[in-house]
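Data first, discussion second: the structure below is written as structure tokens.
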Ligand code: SF4
Ligand code: SF4
Ligand code: SF4
């Protein structure tokens with residue numbers, strides 16, 4: 001069972017211009033600025049909440065960020081016996097409530113992407129909250145603000161639709177834009193291959 | 001001004017009891033905009049917030065920028081002047097004691113005075129840097145010539161931008177690092193990037209680079225390694241280190257052969273085409289391929305794409321410039337733009353990725369051994385007379401030109417130079433052939449170092465003067481576009497630290513030169529004098545007032561007066577800065593690297609940066625996040641080469657050249673040529689790769705050949721990975 005919390009500052013006005021986190025994995029240059037920036041958000045206490053992987057370290061320099069996808073029906077929250085993981089009305093799956101989290105780590109196991117991190121000392125789970133104190137006002141999260149390669153972007157629904165259109169190759173085998181991964185997600189991901197459909201200028 | 005498709009109006013987040021101070025990053029030439037978060041109760045810098053309204057970088061920052069704020073209140077800051085009485089401890093961190101400013105100044109004035117009266121004015125030297133404001137760079141040049149009266153001043157730009165400067169001066173008659181604003185980059189049709197690890201060294205250029213490809217444009221990258229930007233290139237020209245001149249000549253050969261040249265432009269606006277055409281005749285794709293090791297088809301494809309592109313930008317960086325033919329490389333790649341006429345209009349031109357924050361401005365205003373403010377040559381009588389007037393000195397007293405950075409160490413070794421004032425630089429890590437350079441520093445009779453951390457070079461000092469970080473002072477810097485921007489003060493200097501300009505004013509007073517300096521009470525005072533001193537020179541900043549910089553999101557030089565809005569695009573009138581108004585297409589015969597591989601040293605060693613560190617690492621190695629990401633150097637080796645030496649990933653090996661040796665962990669990667677090994681240069685003491693590099697200097701720019709020398713690997717018995 002999950003809960004949705006209401007935030008009075010989240011008005012219908014902002015709901016209209018609602019943006020989402022969108023990722024173009026192929027752009028990633030492995031700078032890990034997203035990790036460094038994650039600590040800068042209010043309440044993040046200098047702990048970053050995302051990951052960047054070397055995809056094929058002995059071979060090339062391809063890297064990719066692994067971010068919380070803010071699932072519509074999140075496994076982490078479903079697995080939490082203490083209802084410590086709440087879902088904000090923007091769809092953001094929040095970090096565990098300090099007073100509720102019992103440190104059982106069910107969520108870290110349940111999440112198909114291994115997103116929730118665990119602080120042994122505090123006996124507390126912490127995860128990406130989509131920089132809720134920014135994104136509730138439609139201000140881009142820290143990671144997407146700083147990402148130098150536009151791997152992480154903060155886009156409107158229309159802009160994402162446009163991206164999806166452009167990158168949908170309609171080739172049965174493989175489309176670059178996936179509507180959702182494990183289940184429906186609030187974050188949209190564009191897998192490697194974004195340039196496949198590009199028409200060259202000359 | 002210059003707001004493009006990436007620009008969005010976004011409000012910043014301000015937390016309770018916090019204010020934001022608009023400024024720019026302390027590190028590279030991108031000079032990303034940032035807001036420093038300042039606690040309004042403690043008045044201390046506590047964090048960073050993106051600066052979405054900065055048109056060049058729209059809030060983006062690399063991890064160095066995100067964590068830059070952590071420098072200011074870092075535990076390693078030097079808070080009071082330090083004196084070391086026991087000279088036998090030079091080269092170590094030991095033996096320093098805290099002292100008052102008075103005691104430090106008195107000691108410096110006494111020792112400098114003694115040296116100069118015994119060995120002459122030129123026994124003192126100043127070694128400076130360009131990771132500081134124009135105001136500081138300007139005053140350092142004046143301090144050397146007026147307060148010390150020495151000819152020996154030079155700076156770390158000799159290890160960074162001097163080849164680009166030399167090449168642009170020869171090709172265009174003026175040295176502005178980019179002929180166009182960065183807001184043009186994503187709108188061009190072809191980027192030809194040579195010797196730039198853009199994604200790691202200038203990361204916030206990358207969203208524009210990728211955007212070229214997204215629009216259907218092309219990306220060509222020349223680099224011995226498949227760097228993160230080369231990974232996605234349409235053509236990756238994977239050349240041998242040190243063979244750029246052949247590659248550039250080969251491309252120009254094909255541009256001519258394929259009829260991709262603009263004859264009208266060549267005839268009207270350039271000189272030197274016929275000689276160049278003659279010279280590149282030999283650089284057929286086959287010949288070029290033989291020298292560079294790049295496949296013939298790739299060379300042909302790259303030339304075809306660049307030739308056909310309606311608009312294209314040629315970009316380069318230290319990879320081509322840090323060679324003993326760096327100036328020739330710059331002019332040779334610039335030839336591509338000149339023979340095709342892809343210059344002097346929006347979306348087409350030539351640019352170098354400036355390394356240091358103020359690598360552009362800092363080289364223009366008198367820290368270079370032969371330059372005075374406004375890019376005036378010191379031996380140009382008229383220019384020197386003008387600057388003398390601004391400085392209030394007799395032109396007769398203007399010292400002559402000195403020598404370049406590396407050559408100063410040679411003079412220290414032979415005791416021509418006996419005293420040194422070092423600031424804003426860490427040559428004990430960043431200079432080539434370090435065994436020699438460190439000896440030379442040890443050999444000094446007296447050394448003063450201004451820094452905010454105890455750098456590896458400060459370990460050789462007798463007196464350390466605590467300077468401030470960029471966030472505790474204000475002034476201007478000139479970014480890689482040639483845009484003059486404003487750095488703002490976010491916090492008062494901690495401890496007793498002071499800005500370098502203030503130390504120089506106070507020291508000048510001790511040295512009896514107060515009348516030339518005492519009127520400079522604020523950074524703004526220095527700025528006003530500096531603008532005047534640059535007036536009428538090629539790099540004219542006279543019209544670039546701080547107000548105008550604020551109003552216009554920066555001012556591109558030249559900017560001559562109050563009405564002049566500055567010059568975002570160079571050469572729009574197709575007028576170049578040589579006396580006849582024409583650019584020079586240069587015929588440049590190929591020369592191999594100074595040291596070619598041989599039986600004893602069969603590998604090509606090249607060096608460079610990683611995204612987590614800046615220059616000598618004196619700042620970034622102290623930032624926990626950055627150091628966690630890259631705590632030590634390593635040597636990149638291709639798996640085929642690793643197999644030959646029977647070495648494994650993570651194994652510790654000995655790497656050596658004719659000059660030095662060091663132990664490194666092996667990092668196996670297919671993203672490097674088999675004949676090349678790479679080591680990042682940000683590390684000190686025994687870990688410095690510059691113990692191994694060669695000091696072969698470019699004849700014009702005096703740039704050492706950091707990017708190519710011959711090396712060998714030895715497997716260690718103890719090196720096995722467990
Ligand atoms: S900031 Fe962007 S480019 Fe850098 S590692 Fe993160 S996702 Fe990749
Ligand atoms: S959205 Fe915010 S909390 Fe989540 S990974 Fe990005 S910076 Fe961290
Ligand atoms: S180091 Fe350069 S790219 Fe990184 S944030 Fe600073 S100015 Fe920008």
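The values are calculated or read from the model by the stated rules, or taken from the named source; none is laboratory data. Note that the coordinates shown come from a computational prediction; the quantities given were computed from them, not determined experimentally. Positions of Cβ are backbone-derived with ideal geometry, glycine not excepted, and every protein chain shown enters the neighbour counts.
Some observations on this one:
- When residue B:16 is tested against (1) farther than 25 Å from residue A:132 by Cα; (2) out of contact with any helix residue (DSSP H, G or I) (no Cβ under 8 Å at 6 or more places or on another chain); (3) within 12 Å of chain A (Cβ to nearest Cβ), just one condition goes unmet, and that condition is (1).
- Residues within the stretch A:51-77 that are closer than 18 Å to residue B:624 by Cβ and either part of a loop (DSSP other than H, G, I, E, B) or near ligand 2 (Cβ under 8 Å from one of its atoms) (or both), tallied: 0
- Note on the stretch A:93-146: residues that are more than 30 Å from residue B:204 (Cα to Cα) and within 16 Å of ligand 3 (Cβ to nearest atom) amount to 0.
- A search for C-beta distances below 7 Å between a residue of the stretch B:630-645 that is within 13 Å of another protein chain (Cβ to nearest Cβ) and within 13 Å of residue B:689 (Cα to Cα) and any residue that is part of a helix (DSSP H, G or I) and at pLDDT 95 or above, counting only pairs 6+ apart in sequence or on different chains, returns nothing.
- When restricted to residues that are closer than 18 Å to residue A:124 by Cα and at the interface with another protein chain (Cβ under 10 Å from one of its Cβ atoms), the stretch A:45-72 contains 2.
- Scope the stretch A:92-107; condition closer than 24 Å to residue A:135 by Cα and surrounded by 15 or more Cβ atoms within 10 Å (Cβ to Cβ); matching residues: A:92, A:93, A:94, A:95, A:96, A:97, A:101, A:107
- So residue B:255, is it in a helix (DSSP H, G or I) and more than 30 Å from residue A:153 (Cα to Cα): yes
Yes or no, residue by residue, for (1) surrounded by fewer than 24 Cβ atoms within 10 Å (Cβ to Cβ); (2) farther than 29 Å from residue B:615 by Cβ:
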site: B:353; (1), (2): no, no
site: B:356; (1), (2): no, no
site: B:359; (1), (2): no, no
site: B:370; (1), (2): yes, no
site: B:380; (1), (2): yes, yes
site: B:393; (1), (2): yes, yes
site: B:403; (1), (2): yes, no
site: B:409; (1), (2): no, no
site: B:412; (1), (2): no, no
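- If the condition is being in a helix (DSSP H, G or I), surrounded by 15 or more Cβ atoms within 10 Å (Cβ to Cβ), modelled with pLDDT under 90 and within 14 Å of chain B (Cβ to nearest Cβ), then the stretch A:124-179 contributes A:163, A:166, A:167.
- Segments classed as strands (runs of 3 or more DSSP E), wholly inside the stretch B:174-252, with at least 1 members that are within 11 Å of chain A (Cβ to nearest Cβ), crowded, with 24+ Cβ neighbours inside 10 Å and in contact with a helix residue (DSSP H, G or I) (Cβ under 7 Å, 6 or more places away or on another chain): B:190-194, B:218-222
- Out of B:77, B:3, one residue alone is away from ligand 1 (no atom under 16 Å from the Cβ), under 25 Å from residue B:618 (Cα atoms), touching a residue at least 40 places away in the same chain (Cβ under 8 Å) and more than 10 Å from every other protein chain (Cβ to nearest Cβ). It is B:77.
- Every test in (1) more than 30 Å from residue A:194 (Cα to Cα); (2) touching a helix residue (DSSP H, G or I) at 6+ places or on another chain (Cβ under 9 Å); (3) more than 14 Å from chain A (Cβ to nearest Cβ) is passed by residue B:324 save one, and that test is (2).
- Filtered by the rule that a residue be out of contact with any strand residue (DSSP E or B) (no Cβ under 7 Å at 6 or more places or on another chain) and under 12 Å from residue B:138 (Cα atoms), the stretch B:363-400 gives B:363, B:364, B:365, B:372, B:373, B:374, B:375, B:391.
- Meets criteria (over 30 Å from residue B:71 (Cα atoms), modelled with pLDDT of 95 or more and part of a helix (DSSP H, G or I)) for residue B:436: yes
- Among (1) more than 21 Å from the chain's Cα centre (by Cα); (2) within 30 Å of residue B:71 (Cβ to Cβ); (3) buried (at least 24 other Cβ atoms within 10 Å of the Cβ), the one test that residue B:703 misses: (1)
- Subset tally (residues that are modelled with pLDDT under 85 and either in a strand (DSSP E or B) or under 22 Å from the mean Cα position of the chain (by Cα) (or both)) for the stretch A:186-202: 7
- In the stretch B:654-666, the qualifying residues are those that are away from every other protein chain (no Cβ under 14 Å) and surrounded by fewer than 20 Cβ atoms within 10 Å (Cβ to Cβ), and the one that is farthest from the chain's Cα centre (by Cα) is B:654.
- Members of the stretch B:29-68 found to be within 9 Å of another protein chain (Cβ to nearest Cβ), in contact with a helix residue (DSSP H, G or I) (Cβ under 7 Å, 6 or more places away or on another chain) and either within 19 Å of residue B:19 (Cβ to Cβ) or part of a helix (DSSP H, G or I) (or both), listed by number: B:47, B:48, B:50, B:59, B:63, B:64, B:66, B:67
- Filter result for residue B:601 (surrounded by 15 or more Cβ atoms within 10 Å (Cβ to Cβ) and within 14 Å of chain A (Cβ to nearest Cβ)): no
- Taken together, B:300, B:304, B:286 contain a single residue that is surrounded by fewer than 24 Cβ atoms within 10 Å (Cβ to Cβ) and without any contact (Cβ under 8 Å) to a residue 40 or more places away in the chain, which is B:286.
- Search result, residues across the stretch A:96-108 that are more than 15 Å from ligand 2 (Cβ to nearest atom) and either more than 18 Å from the chain's Cα centre (by Cα) or part of a loop (DSSP other than H, G, I, E, B) (or both): A:97, A:98, A:99, A:100, A:101, A:102, A:103, A:104, A:105, A:106
- Filtering the stretch B:652-681 to residues that are touching a helix residue (DSSP H, G or I) at 6+ places or on another chain (Cβ under 7 Å) and in a loop (DSSP other than H, G, I, E, B) leaves B:659, B:660, B:670, B:674, B:681.
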